[in-house]
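One structure is given here, and the rest of the page talks about it.
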Amino acid sequence: MDRKQVADWIAVYERLWRTPGTQELDTLFTEDASYQQGPYWTPVVGLPAIARMWEQQRKGPDEVFEMTTDIVAVDGDTAVSRQEVRYGDPVDQEYRDLWIIRFADDGRCRSFEEWPFWPGQQPADPPDGS
């Protein structure tokens with residue numbers, strides 16, 4: 001994979017998140033792909049399970065959001081991208097997210113792991129003692 005291929009994959013991801021239904025998810029994910037929504041979450045495995053999760057997680061294809069992408073690294077079949085997503089107009093929810101994407105030989109994702117963060121989220125033991 002190269003940065004352009006990763007950027008193209010992310011663009012399709014965003015387009016499909018905005019598209020009704022999940023019929024085209026097989027263009028993004030392999031049949032046996034895993035999708036982990038947080039570093040300690042149990043992965044959702046398989047295209048049918050990923051499709052169900054997508055439908056449960058998004059408010060709908062007309063959901064208002066803006067997403068920016070910064071591809072941090074690409075090494076062989078693995079990419080890391082920093083996403084910033086702002087939901088609503090006016091913005092009422094936002095995330096900064098790291099995506100670790102592992103690709104199959106055909107360019108579809110075989111493993112997706114995200115590390116989401118949002119305003120006000122604090123580490124377990126903040127360094128300032130608060």
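Odds and ends about this structure:
- Against the numbered list (1) surrounded by 13 or more Cβ atoms within 10 Å (Cβ to Cβ); (2) in contact (Cβ under 8 Å) with a residue 60 or more places away in the chain, R18 comes up short only at (2).
- Of the candidates G76, G60, the single residue that is closer than 15 Å to E14 by Cα and small (G, A, S) is G60.
- Members of segment 1-50 found to be at pLDDT below 95 and among the aliphatic types (A, V, I, L, M), listed by number: M1, L16
- Put simply, of R82, R86 the only residue that is surrounded by 12 or more Cβ atoms within 10 Å (Cβ to Cβ), basic (K, R) and under 13 Å from the mean Cα position of the chain (by Cα) is R82.
- Filter result for A7 (more than 12 Å from the chain's Cα centre (by Cα) and small (G, A, S)): yes
- Segment 77-127 - residue that is out of contact with any Cys (no Cβ under 9 Å at 6 or more places or on another chain) and of a type in the set (V, I, T) and, of those, modelled with the lowest pLDDT: V91
The values are calculated or read from the model by the stated rules, or taken from the named source; none is laboratory data. Only a predicted model underlies this, so the values are computations on that prediction, with no experimental measurement involved. FYI the Cβ positions are ideal-geometry reconstructions off the backbone, even for glycines, and counts take in every protein chain you see.
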